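Take a look at the structure set out below.
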Amino acid sequence: MLWRHRLLPALVLGLLAVGCARTTPVDTANEERAINAVRDREISALSSGVADSLVAVLAADAVVMPPNEPTLTGADAIRTWYENTIREFSAEGRYTNAQVTVAGDWAIERYDGVMRLTPRAGGPPMEQQMKGIHVYRRQPDGTWRIAQDIWNANAPPPVTPGK
């Protein structure tokens with residue numbers, strides 16, 4: 001079973017590269033800069049508390065898989081989830097590491113970061129080290145958007161006394 005965990009990412013990237021082959025050379029550094037800008041806008045939007053700013057960096061049919069919650073598909077479901085989250089918490093986040101692999105009109109990013117959620121009703125903030133994967137898709141206008149996002153914490157969430 002262990003071999004699957006090591007070979008699967010290489011297999012997925014290989015299939016993407018074959019299926020997304022371009023006939024013109026790609027300036028990988030330029031593509032990575034564009035993707036980094038999307039990531040920066042995503043974390044700024046998350047911290048801003050403005051749902052439409054977050055949805056703007058996502059593909060219209062994006063799939064988001066937050067930890068310990070159901071999968072969200074499409075801009076409307078993601079917007080609703082985010083609006084519900086920011087009603088309860090103010091959020092601050094930052095990425096501490098990211099590695100991007102571009103394969104034609106798709107890119108995969110593995111990232112690490114820190115998320116801090118402060119309850120709006122009062123109480124101490126919760127901070128978690130996180131890790132995740134973004135899958136980007138080039139849009140018809142040439143820009144990049146996040147098509148899939150999944151993340152989780154490096155440690156279990158803090159336990160609330162009495163629960």
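Here are the numbers for this structure:
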item: ³J(HN,Hα) computed for each position of region 70-84 - Karplus, 6.51 cos²θ - 1.76 cosθ + 1.60, integer Hz, glycine/proline x; result: x, 5, 10, 10, x, 4, 5, 5, 5, 4, 4, 4, 5, 4, 5
item: Tail weight of P(r) past 17 Å, computed on alpha-carbon pairs of region 67-139, percent; result: 60
item: Binned Cα-Cα distances of region 110-149, short to long, each 10 Å bin given as a whole percent; result: 25, 30, 27, 16, 2
item: Under Karplus coefficients 6.51, -1.76 and 1.60, residue-wise ³J(HN,Hα) of region 133-140 in Hz, glycine/proline x; result: 10, 10, 10, 9, 10, 5, 8, x
item: Thr80, Thr85, ranked by accessible area, largest first (probe 1.4 Å); result: Thr80, Thr85
item: In Hz, Karplus ³J(HN,Hα) per residue of region 49-64 (6.51, -1.76, 1.60; θ = phi - 60°; x = Gly, Pro); result: x, 9, 4, 5, 5, 5, 4, 5, 8, 9, 5, 4, 9, 4, 10, 10
item: For region 32-80, diffusion coefficient by Stokes-Einstein and Kirkwood Rh (Cα), 25 °C, 0.890 mPa s, µm²/s; result: 217
item: Long-range HN-HN contacts of Gln139 with modeled amide H, under 5 Å; result: Trp144, Arg145
item: Percent carbon-and-sulfur accessible area, region 51-163, ignoring ligands, DNA and RNA, probe 1.4 Å; result: 54
item: Computed over region 38-163, Kirkwood Rh from alpha-carbon pairs, angstrom; result: 15.2
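The values are calculated or read from the model by the stated rules, or taken from the named source; none is laboratory data. The structure presented is a predicted model; accordingly, all values stated were derived computationally and were not measured. To get the accessible areas, we keep the full protein, side chains included, count just its heavy atoms, and leave off ligands, DNA and RNA. Shrake-Rupley method; radii C 1.70, N 1.55, O 1.52, S 1.80 Å.
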